[in-house]
Amino acid sequence: MHLLRLALASLANRRFTVLLTVFAVALSVTLLLAVERIRSEARVSFASTISGTDLVVGARSGPVNLLLYSVFRIGNATSNIRWDSFLHYAEHPRVSWAIPLSLGDSHRGYRVLGTNQVYFEHYHYGHGQPLRLAEGRAFADDPFEVVLGAEVAQALHYRLGEHIVLAHGVATVSLVQHDDKPFTVVGVLARTGTPVDRTLHISLAGMEAIHIDWHSGMPAQGTARISADESRRRDLTPKAITAFLLGLDSKIATFTLQREINDYQGEPLLAILPGVALQELWSLMGTAEKALFVVSLFVVLTGLIGMLTAILASLNERRREMAILRSVGARPWHIAGLLIFESTFLALAGVSFGLALLYFGIVIARGYLQANYGLYLPLAWPNLHEWILLGGILLAALLMGCLPAWRAYRQSLADGLSIRL
Amino acid sequence: MNSLLELDGLGFAWPGQAELLDIPEFRLVRGETLFLRGPSGSGKTTLLGLLGGVQRASRGRVRLLEEDLGRLSSGARDRFRANHIGYIFQQFNLLPFLSVRENVELPCRFSRLRAAHACQRHGSVEKAAVTLLEHLGLSAELQGRRADSLSIGQQQRIAAARALIGQPELVIADEPTSALDADTREAFLQLLFGECRAAGASLLFVSHDQSLAPLFDRSLSLVELNRAHAEDHCNIL
C-alpha cells in the first residue's frame, strides 16, 4: 500500500504535467467512445429509417436503387408502375395495408411525395413509432392540400394556411412551376429524424391534378390549360405511381409474396425486404465508418504515447527520488513497480475522465442530435464492446509503462545510492 | 572486541579500469563512531556502494554482522541493507512531496525488521518517528509539513532521524555536514552522536573536513587505507 501512496504523492507533486497528460488521454478516449457510439447509433438509426414495412415494391431495377428513391428520396425511379398493379397487390389477401408512393416533383429542393391517408396511419420508423402531426391535420379530400415534414416547415418558415407552389422535377432550381395550382399547408409532421422530415406530402389526387393538362412532360399552353377548380371536378385517379409499401398480415408470407411480385405477369416489378436492402446499403458506407474508427484508435495511441513521453521525460529529474528510495531500502523492482503503477494510474484516470466527458457530452448534445440527425444517443453504461476497448487501452498503457519501468530499473541499478542531480 | 563491519583483502575495479580500491583490512566495532577522511576521487562513493551491497567486490570480503555480503544475491543484499544500514547523504536526502514524518518512516515501510524494532521500542512506527524528530529538535508543528519547506539544517536532522529509525546497527553518513555552516555543524554532530549512542548504532562518517575528526572515537584516512591509491600517489611522485 505504501508504494501506491508514494506513487500518488509523487504524481501529486507533478500535478500540472499529470493533469495535462490525463486530459490528453481522456480526450482521446472520449473521441473513441463518441465515434463508437455514433457509429453504432447511426447504424441503428439508419436501419430504423423505415420500420414495420414488409416489402417495398417498384419498377424492376436494383434493390439499393429502389430503396434509395422510395425511402431515402435520393435519385430517381427508372420507370413507373401502373396503378392497377398497385390495386392488385393492395387487395391481395395477405396484405393488410398498402401505401402508394408517387415521386418526381419538388419544392425548393425538398421532394414532394404523393400518397394517401394510409401513409399517416401505417408508415412507421425507428422502433415502430408512427408518424405524428405536430400541428394541423393530414390532407383530406381536397386535392390541393399539403402536409409538411418538420424540417421543411422549419427551414422555409411555413405556417398552416400558407399557399405554396410546387415545381416540376427534382432539380433545386426548377424552371417549370405548377404555379397555376397552389397548395395550402394543412399540417406539419413532428420530427422523426428520417427523410420524412424533408418531404412534402400531398394526395395522389393532388399529384394527378397538377399534371392533368401535361402531355409528354410539357405543360399545356393557352386554352388547353385546365384550372385548379376545373381539375377538382375531373377524375383524379392516378394512372401510374412510383412505388408502394406493403404491410402483410404475417411475416411468414413475406418471401412467398416477394416471389409472387417478382414473377408478376402484368409488368416487371421488384419487391425487396427493406431490412436486407438497408444492410446492403450500409455495407457500402461501412468503409468510411471503419476509417473513422481506425482514426480514433490512432488518436488514443497518440494520447498514450504522449503519456509515455511525459513519464520518460520525468525520469531524469527523478533520479534523486529513485536513489533516495533505494537508500531507504526500496529494491529495483519497487522502482519499476512505481513506474508501471504510474502509467496505469494515468491511463485509468484518463479513461475515467474520458467516460465522464463522454456522458457530459451526450447529455449536452443528445437533444440536438436527436432533432437534427435523428440520432438517439442513450445514456447507457458502456456495453461489452466498449469495455473491451477501454480494457485494451489500460492494457496498452500497462505495456507502455514497462518501458520507463525498465529504464528506471536499469538506472537505479547503475546509480545505486549515489544521488545524481 | 565485537566487530560490526570487516573488510578483508577487498579489491574493486570498474570493468575495464585499473583497480580503484585495495583495502587489505578494515574493522568497525559495534557502537563505534569512526571518521573516515576521503577527498573526492579517493574511491569513497565506490566504497560506500560496496558497504551497502549495491556493488559487489571484485575480490576479498565485506562482512557486515558476520554476513558475507558477496555471497548474498542482489535482492538479499538490498534487504540486508534496508534492515541494517541507515544512510545520510550530503544534501537533498528527502522526498520533497512527503511530509517530514513520512520521510522519517520510509525505511520502516521497506524493512519489516526495522518496523518491528521501532514498534518494540516506541509502540508504533509513527511514535518512533515523532520521538526521534523531537530528540533532534524538530517540533511537532514542523513534522506535518512538506519536507522541502524546511531549512537545509532541519532537512539534515530529518535525514538523521530517518537513518536511525528502527535501530539499524550501522549508520553511514556521506558528507552530511558539508552543506551546513560551522555553528550548526557541530550541533548536528552532537545530536547525531547522541542518537547513535541511544540506538546502539555504529557511525561511519565520511568527510573531507578534517576539523571534525577529533569529535570521533577514531579517525582514518581512506587514502592511507587504500593501497590502490597509495601506488597511484607513488607513481605520480
The one condition A:Ile324 fails out of (1) in contact with a Ser or Thr (Cβ under 6 Å, 6 or more places away or on another chain); (2) in a helix (DSSP H, G or I) is (1)
For A:Asp263, all conditions in the list (1) surrounded by fewer than 17 Cβ atoms within 10 Å (Cβ to Cβ); (2) closer than 26 Å to A:Ser48 by Cα; (3) not assigned by TED's automatic domain parsing to the domain that holds A:Ala42 hold save one; what is the number of the exception? (2)
Yes/no for A:Leu312 being in a helix (DSSP H, G or I) and not polar (S, T, N, Q): yes
Consider only pairs whose beta carbons are under 8 Å apart and that are at least six residues apart or on different chains; among these, list those whose first residue lies in the stretch A:13-33 and is touching a residue at least 24 places away in the same chain (Cβ under 8 Å) and not assigned by TED's automatic domain parsing to the domain that holds A:Ser343 and whose second residue is in a helix (DSSP H, G or I) and surrounded by fewer than 23 Cβ atoms within 10 Å (Cβ to Cβ). none
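For residues in the stretch B:84-93 being surrounded by 20 or more Cβ atoms within 10 Å (Cβ to Cβ) and more than 7 Å from every other protein chain (Cβ to nearest Cβ), which is farthest from the chain's Cα centre (by Cα)?
Per the stated criteria, the residue is B:His84.
For the structure I just gave you, tell me whether B:Ala128 is surrounded by 22 or more Cβ atoms within 10 Å (Cβ to Cβ), more than 13 Å from every other protein chain (Cβ to nearest Cβ) and part of a helix (DSSP H, G or I).
Yes, satisfied.
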Which residue, of B:Arg77, B:Arg81, B:Arg63, is more than 8 Å from chain A (Cβ to nearest Cβ), crowded, with 22+ Cβ neighbours inside 10 Å and not in a loop (DSSP other than H, G, I, E, B)? B:Arg77
Read through the list (1) touching a residue at least 24 places away in the same chain (Cβ under 8 Å); (2) in contact with a strand residue (DSSP E or B) (Cβ under 9 Å, 6 or more places away or on another chain); (3) part of a helix (DSSP H, G or I), then give the number of the only condition that A:Glu260 fails. (1)
Within the stretch A:73-84, restricting attention to residues that are of a type outside the set (Val, Ile, Thr) and more than 17 Å from A:Tyr119 (Cα to Cα), which residue is surrounded by the most Cβ atoms within 10 Å (Cβ to Cβ)? A:Ala77
Looking at the stretch B:1-29, which of its residues are in contact (Cβ under 8 Å) with a residue 24 or more places away in the chain, outside any strand (DSSP E or B) and of a type outside the set (A, V, I, L, M, F, W, C)? B:Asn2, B:Glu19
Give the stretch A:227-238 a look and list any residue that's surrounded by 10 or more Cβ atoms within 10 Å (Cβ to Cβ) and not hydroxyl-bearing (Ser, Thr, Tyr), or say none. A:Ala228, A:Glu230, A:Arg232, A:Arg234, A:Leu236, A:Pro238
Residues of the stretch A:362-391 being in contact with a Leu (Cβ under 9 Å, 6 or more places away or on another chain) and either within 14 Å of chain B (Cβ to nearest Cβ) or modelled with pLDDT of 90 or more (or both), which ones? A:Ile362, A:Val363, A:Glu386, A:Leu389, A:Leu390
Checking the conditions here, which among A:Gly136, A:Gly193, A:Gly161, A:Gly169 is small (Gly, Ala, Ser) and under 20 Å from A:Ser102 (Cβ atoms)? A:Gly169
Has the stretch B:105-118 got any residue that is within 13 Å of chain A (Cβ to nearest Cβ), under 22 Å from the mean Cα position of the chain (by Cα) and in contact (Cβ under 8 Å) with a residue 60 or more places away in the chain? yes
Return the residues of the stretch A:239-257 that are part of a strand (DSSP E or B), within 19 Å of A:Ser102 (Cα to Cα) and under 30 Å from the mean Cα position of the chain (by Cα); say none if nothing qualifies. A:Ile241, A:Ala243, A:Phe244, A:Leu245, A:Leu246, A:Gly247
Could you check B:Glu102 against (1) within 14 Å of another protein chain (Cβ to nearest Cβ); (2) surrounded by fewer than 18 Cβ atoms within 10 Å (Cβ to Cβ) and say which number it fails? (2)
Tell me which helices (runs of 4 or more DSSP H) are completely within the stretch A:116-219 and hold 2 or more residues being closer than 18 Å to A:Ser106 by Cβ and over 23 Å from the mean Cα position of the chain (by Cα), or say none if there are none. A:204-210
What's the total number of residues in the stretch A:77-109 that are under 17 Å from A:Glu267 (Cα atoms), small (Gly, Ala, Ser) and in a loop (DSSP other than H, G, I, E, B)? 2
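Considering only residues of the stretch A:54-72 that are part of a loop (DSSP other than H, G, I, E, B) and surrounded by 22 or more Cβ atoms within 10 Å (Cβ to Cβ), which is nearest to the chain's Cα centre (by Cα)?
That would be A:Val71.
Would you call B:Glu32 in contact (Cβ under 8 Å) with a residue 60 or more places away in the chain and farther than 18 Å from B:Leu220 by Cβ?
no
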Filter the stretch A:331-353 for residues that are within 14 Å of another protein chain (Cβ to nearest Cβ) and either in contact (Cβ under 8 Å) with a residue 24 or more places away in the chain or in a helix (DSSP H, G or I) (or both) and give the result. A:Pro332, A:Trp333, A:His334, A:Ile335, A:Ala336, A:Gly337, A:Leu338, A:Glu342
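The values are calculated or read from the model by the stated rules, or taken from the named source; none is laboratory data. This one's a predicted model, so the numbers in the text were calculated from it and none came from an experiment. Here Cβ is always computed from backbone atoms with ideal geometry, including for glycine, and neighbour counts include all displayed protein chains.
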